[in-house]
Structure formats: structure tokens, C-alpha cells
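Colleague: What follows is a single structure, and I will ask about it in a moment.
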Amino acid sequence: MKSRIIVLICAAAVMAACGGNSQSSSSCPHHNHEGHNHGDGKACTETNAADLKKVIRAQAFIKPDKVDAFLAVANAVVEKSRAEAGNISYSLYQDPQDKTRFLFFEEWKNQAAVDTHFAAEHFQQLGEALNDCSSAPAVITIYDTTAEKVL
């Protein structure tokens, strides 16, 4: 049950990052075609948020006696996530001053890649590990690039 809550929190964070859905709130009906013009000679520069590269920063706070158990799962998740089609990079860092604090830093091709990752079995296993090992709720932030689209 707790792992489902973490997954729902992650999904809510993704939805918030996308303005409530996977579509941009752009008024341009052609938002998937950068560089076109609207007949006024001016190029449209609006980009669909779902097409932009995503960066995820997630902090995990682990109980001291659970660090090894967490690392066993987390390192497997890192390896499997790096193999996902839409992954650009996926790293896990441990705070050298506080060995119970971890940072996941991830880059994804687009929102569809993030959605696929969040649905993956290995990500679900990470949620379960966080439920078992966390001393505090994870802090997850999802960013859009400002204009960079990965092809």
C-alpha cells in the first residue's frame, strides 16, 4: 500500500510538471512543429512541454540500519533505468557527510520516457524499498528544459 502511495506522489509530481496533463497549454494548434509560422511571417517558438527533455532530482533519506538494503535495490534500479529507451542519464549519489542521504539525478528524453519509467517494475521495487528504508519522505522535483528538445 505504501509503495502505491509513493508511485501516486511521483505521478502527481509529473502531472504538476506538465500543467495537469501531458499537453502544453499552448494556444498554438501546431505546438508540435517548432519553427512554423502563423501566416504573419513570424516563426512559432512554442514547444509542447511533453516533448522537452525532463530532469528529475530526487532526494532519499534512509534509516542508518537500512542503507545497505536500500543500496542493493537502488543500484539495480540505476542499472535497469539506464537501459531504458528514453533514458539519457541516471545516477545515484551518496552524501559523504551523511551516509543516509541520497540523491538520484536523472535525465529523460521526454515526458513519455518518464511515464514509461514510472510504470516499470524496477521503479515499483524502488518505491517498495523506499517505504521499507526511509526515515523521511523523498523529495522529488521534475524539471523541463527551457527550450532543448532531444531528438
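Colleague: For S135, what accessible area in Å² do you get when you roll a 1.4 Å probe over the heavy atoms of the protein chains, rounding to the nearest 10?
Modeller: Approximately 80 Å² for this residue.
Colleague: To continue, here is another question. Taking all protein chains as present, what is the carbon and sulfur share of the accessible area of the range 48-151, in % to the nearest whole number, probe 1.4 Å? The partial results should precede the final answer.
Modeller: Details: 2760 of 5300 Å².
On the range 48-151, the fraction of accessible area on carbon and sulfur atoms equals 52 percent.
Colleague: As an exercise, take the mean of 1/r over every pair of distinct alpha carbons in the range 76-143, invert it, and state the Kirkwood radius in angstroms.
Modeller: Details: mean 1/r = 0.0777 Å⁻¹.
The Cα-based Kirkwood calculation yields 12.9 Å.
Colleague: Per 0.36 nm of contour for each residue apart, how much would the distance between K66 and E84 grow if the chain were fully extended, relative to their Cα-Cα spacing?
Modeller: Values: separation 18, 0.36 × 18 = 6.48 nm, distance 2.72 nm.
So the extension gain works out to 3.8 nm.
Colleague: What does the charge dipole of the range 57-99 about its Cα centre add up to, to the nearest 20 debye, if the Cβ of each Lys and Arg holds +1 and the Cβ of each Asp and Glu holds -1? Each step should come with its number before you reach the end.
Modeller: Numbers: 6 positive and 6 negative charges, 18 e Å.
Using only the charged Cβ atoms, the result is roughly 80 debye.
Colleague: Once you put a point 7 Å from the Cα of N131 and another 7 Å from the Cα of F105, both along the Cβ direction, what distance in nm separates them?
Modeller: 3.0
Colleague: OK, next. Set the Förster radius R0 to 41 Å, insert the Cβ-Cβ distance between F118 and Q97 as r into 1/(1 + (r/R0)^6), and round the FRET efficiency to 0.05. Walk me through the numbers on the way to the answer.
Modeller: Values: r = 30 Å, r/R0 = 0.74.
FRET efficiency, F118 to Q97: 0.85.
The values are calculated or read from the model by the stated rules, or taken from the named source; none is laboratory data. Every value quoted in this text rests on a predicted model; they were computed, and no experiment measured them. So basically every Cβ, Gly included, is an ideal-geometry build from the backbone, and we count neighbours across all protein chains shown. In case anyone asks, the SASA skips ligands and DNA or RNA and just uses the protein heavy atoms, side chains included. Shrake-Rupley method; radii C 1.70, N 1.55, O 1.52, S 1.80 Å.
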